[in-house]
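Please treat every number below as a calculation from the coordinates, not as lab data. On a predicted model such as this, the values are computed, not experimentally measured, just so you know. Backbone-built Cβ (ideal geometry, glycine too); neighbour counts: all protein chains shown.
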Amino acid sequence: MKSQSSIIALLLGSSLPTALGWGSLGHQTVAYVAQNFVTATTKTFMQGILDDTTTSYLANAATWADDYRYTTAGAFSYNFHFIDAQDDPPTTCDVDYDRDCASDTCIVSAITNYTSRIQSTTLDETQLLAAARFIIHFVGDIHQPLHDENLDVGGNTVDVTYDGSSTNLHHIWDTNMPEQYTGGYALSDAETWATTLTTAIKSGTYESDAAGWLDGIDLSDAQTTAMSWATDSNAFVCTEVMPNGISAVLKEDLSTTYYDAVMPTIKLQIAKAGYRLAAWLNLIATGETGL
């Protein structure tokens, strides 16, 4: 089976704008959720690095890494958006750093590297800005289950039907299903969705689970922390993404029964990503999760 990294040239030359990533709606929603949980000190810290004092300061930076990877200057970052789990879904789902992070170049190593860089006292403003943008984006990416999976290039080569149109399994997780849920993809749609998820974390569906989302979080061991997030997300490949194998997702339009089955997981992962991003940024800025 080809790995994601083995077909970089193919995807770079394709017309698929979301070959990787939650899509703008998902990433911006993650960022807005995080904004709702960062401390005042963290807000000031991040607004300073991002040079953005608007009410969308994290959301405005959330999709930069997806555009940057397609530029000549940013091509080096392409493999940073995923880790190629060499597992066997739906029979087995697991992630192993030594096995799956080829040449120490994957989303786990990227989160580790840019977390170190944003804490540096010697980098210039441009380098710190890039580090902040990468962290915001990659913490979102690692919570999309197919970013933690090698099979069929993270689902990019699994052709499926969605609302009568031909697309691929990765794309519907990134974009089609979140947009179907919100009814749009504008920045305002992301903010509204984030408000709903924030309420669910504070006093609703996720209230009793949110503290557990931060188990083992450790700024001094970013690799282990990021691996725990990747492992958590990868497990959904077996239980939610393709519990009955690839053949099952080829048999019907996935915008109905399949959508209804997996949308709770998408909402959960967006909420987790935002909450964990807030805790991570709080740790960077203050030394405490603040949650």
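Size of the dipole of the stretch 17-286 about the Cα centre, Lys and Arg at +1 and Asp and Glu at -1 on the beta carbon, nothing else charged, in debye to 20?
I would put it at about 720 debye.
Of the lysine pairs in the stretch 17-286, how many meet both conditions: Cα atoms under 20 Å apart, and a spacing of 8 or more in sequence or different chains?
Lysine pairs meeting the criterion: 4.
Across the Cα atoms of the stretch 102-166, what radius of gyration and what greatest pairwise Cα-Cα distance (Dmax) are found, in Å?
Looking at the stretch 102-166, its Cα Rg and Dmax stand at 16.1, 53 Å.
What relative contact order, as a whole-number percentage, does the stretch 17-286 give when Cα pairs under 8 Å and 6 or more residues apart are counted?
32 percent
What is the percent of Cα-Cα separations in the stretch 17-286 that go past 34 Å? Don't skip to the end; give the middle numbers.
Details: 4293 of 36315 pairs.
Roughly 12 percent, rounded to a whole number.
Taking the number of other C-beta atoms within 10 Å as the exposure measure, put T72, T112 in order starting with the fewest. Let's see the in-between values first.
Details: T72 6, T112 20.
Arranged by neighbour count, lowest to highest, T72, T112 become T72, T112.
Rounded to the nearest 500, what is the 222 nm mean residue ellipticity of the chain from helices alone, with -39500 (n - 2.57) per DSSP H run of 4+ residues and division by all residues?
On the way: 12 runs with 138 residues, N = 291.
The helix contribution divided over the chain gives -14500 deg cm²/dmol.
How large is ³J(HN,Hα) for each residue in the stretch 204-215, as worked out from phi by the Karplus curve 6.51 cos²θ - 1.76 cosθ + 1.60 (θ = phi - 60°), to whole Hz, x for Gly and Pro?
Each residue's phi maps through the Karplus curve to give x, 3, 9, 4, 6, 9, 4, 4, x, 5, 9, 4 Hz.
Per-residue counts of other Cβ atoms within 10 Å, averaged by peptide: what ranking do you get for 205-217, 175-187, 45-57, highest first?
Highest to lowest by the protection proxy: 175-187, 45-57, 205-217.
I'd like the distance separating the alpha-carbon centroids of the stretch 90-144 and the stretch 31-70, in whole Å.
16 Å
Mind giving me the FRET efficiency for D159 and R99? R0 is 30 Å, r the Cβ-Cβ distance, nearest 0.05 is fine.
0.60
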